[in-house]
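Please read the structure below before turning to the comments.
The values are calculated or read from the model by the stated rules, or taken from the named source; none is laboratory data. None of these values were measured; they are calculated from a predicted model. Positions of Cβ are generated from backbone atoms using ideal geometry, with glycine treated the same way; all protein chains shown enter the neighbour counts.
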Amino acid sequence: MKWPLALLCLLVSPITWANPLTLKQVFEKSLTYQEAVPLKEEQIRETRAQIAGITAKVLPHITAHASEELQDNDVNSTFGSEIVRFSTPEANLKITQPLFHGLSEFHALKAAKYTLKAQDAQLTRAKLLLFNDVAQAYLNALDAKLTVDATQKLLTTSRATDAEMDNWFKIGKVRESDVVAHKAQTALLAAQLETYKGIKDTSYEVLSFLDGVSPHPDPTSENMVFPILSQSDSEILNYINNTPEVVAQKQQVAAAKKTVTAKKGYLLPQADVEGNYYAYRTGLSKNVDWDVTFRMEMPVFNLENYAAIKQAKSQKKQQDLILANTIKQSESTLKQKLALYKSSIKQKNTMATAGNLAKQAYDLKKQDLNLGQISTVDFLSSEKNYFETYLNKKDTLVNYLRSKIELVLAMGVLP
């Protein structure tokens, strides 16, 4: 009976992950779980359908037609009965081919293709935005996990010191007030640990919302190496014109320019040809198997066309201004992220040194206290400095990882 019971417990227990999930793994899961990227992909499919519709305007239109006309044929002569028949059935195949519409359709087709390229860039942009959301949530969860781990380690150290100070009090090395003061600091650390655990649980829930994995496994700082950042500052800044938002806006400008040309085409003559092949006819035209009609129209006066051209020109100018502003914003953002990244490297290295020195000072002060060479106040001050430096060291690591990811995203590169 033990094996079936164990199997049942295994089946009803929640799924847990033995290994941490990397940032890349969480992002890959979020691509299918979140709606932003699939929505952008559907918009691209819609644009492709619009391109197909524009292409259809310049291709032949073929229509099968069948009709029967019934009318009064109260005539006396035989010749008249051929003209006015009671029943006039007809079946034909009609083909219409646009010959020249000022090339409006061709320019409109090019404009639509530029729009499609813009949406491809916007799709990349949507992925970058999703990655940014995932990365921020992931780093928040990593920060919370590291904080809990660090606080747990410091709490263990503090409790061990409590036990030592109890022994020192028994042999008269420290006062009872010193022991109580240190235990109060330990209790405060334990309370902070519970707060940090709550923050950790909340941050994990945010990750579960993004990738659909619940309960969520631990994040890890591993596999966050981006070789692209090994380039020089000038090479990194050259990515300004390659960011998805700039590329997309450039395509929008090209599309607007083609739209202006397409609107101007409505001022030119338009020509079409229409042909009919008659499979069945009656009456005087029963021996006529086909006919062809050529049509040409010349616009003489239509203010709507001129208004449409002015509107298209204005929209083109707006796109030019948006492009100039987008480039400025991309350049400013990239420079800011590069400066923060370089600063975070220095902070991380400096804090690593400070952390080692604080730990060394703490160990020495503890020895001095044991030997009775310093007061408890000096030791508690050294311990507090060590604890704060240890937590700050963790913060600088997370900030370094955050600035690294933000710089890569500002370059328009999907890590």
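A few notes on this one:
- If you filter the range 208-251 down to residues that are β-branched (Val, Ile, Thr) and under 30 Å from residue 316 (Cα atoms), you find that the one that is surrounded by the most Cβ atoms within 10 Å (Cβ to Cβ) is 243.
- The range 131-140, residues that are crowded, with 20+ Cβ neighbours inside 10 Å and either in contact with a Lys or Arg (Cβ under 7 Å, 6 or more places away or on another chain) or of a type outside the set (Gly, Ala, Ser) (or both): 131, 134, 138, 139, 140
Residue by residue, here is whether (1) of a type outside the set (D, E, K, R); (2) buried (at least 19 other Cβ atoms within 10 Å of the Cβ); (3) under 30 Å from residue 369 (Cα atoms) holds:
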site	(1), (2), (3)
142	yes, yes, no
154	yes, yes, yes
172	yes, no, yes
182	yes, yes, yes
187	yes, no, yes
191	yes, no, yes
197	no, no, no
202	yes, no, no
206	yes, no, no
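- Residue within the range 137-159 that is among the hydroxyl-bearing types (Ser, Thr, Tyr) and out of contact with any helix residue (DSSP H, G or I) (no Cβ under 7 Å at 6 or more places or on another chain) present: yes
- All told, residue 264 falls short of being in contact with a His (Cβ under 6 Å, 6 or more places away or on another chain), closer than 24 Å to residue 321 by Cβ and among the basic types (Lys, Arg).
- Cβ pairs under 8 Å, 6+ apart, first in the range 213-234 and modelled with pLDDT of 85 or more, second surrounded by 13 or more Cβ atoms within 10 Å (Cβ to Cβ) and of a type in the set (Lys, Arg): 213/29; 218/145; 219/145; 229/404
- Selection from the range 202-256 of residues that are within 22 Å of residue 19 (Cβ to Cβ) and assigned to a helix (DSSP H, G or I): 203, 204, 205, 206, 207, 208, 209, 210, 211
- Selection status of residue 327, touching a helix residue (DSSP H, G or I) at 6+ places or on another chain (Cβ under 8 Å), free of Cβ contacts under 8 Å to residues at least 60 places away in the same chain and surrounded by 14 or more Cβ atoms within 10 Å (Cβ to Cβ): no
- Per the listing 361, 339, the residue uniquely within 30 Å of residue 162 (Cα to Cα) and either in contact with a Ser or Thr (Cβ under 7 Å, 6 or more places away or on another chain) or hydrophobic (A, V, I, L, M, F, W, C) (or both) is 361.
- Odd one out for residue 50 among (1) in contact (Cβ under 8 Å) with a residue 12 or more places away in the chain; (2) over 30 Å from residue 110 (Cβ atoms); (3) surrounded by fewer than 17 Cβ atoms within 10 Å (Cβ to Cβ): (2)
- Residues of the range 87-120 classified as touching a His at 6+ places or on another chain (Cβ under 8 Å) and small (Gly, Ala, Ser), total: 1
- Residues in the range 281-310 that are without any contact (Cβ under 8 Å) to a residue 40 or more places away in the chain and within 19 Å of residue 258 (Cα to Cα) were compared, and the one that is surrounded by the fewest Cβ atoms within 10 Å (Cβ to Cβ) is 304.
- Within the range 363-386, tally of residues that are surrounded by fewer than 21 Cβ atoms within 10 Å (Cβ to Cβ) and in a helix (DSSP H, G or I): 16
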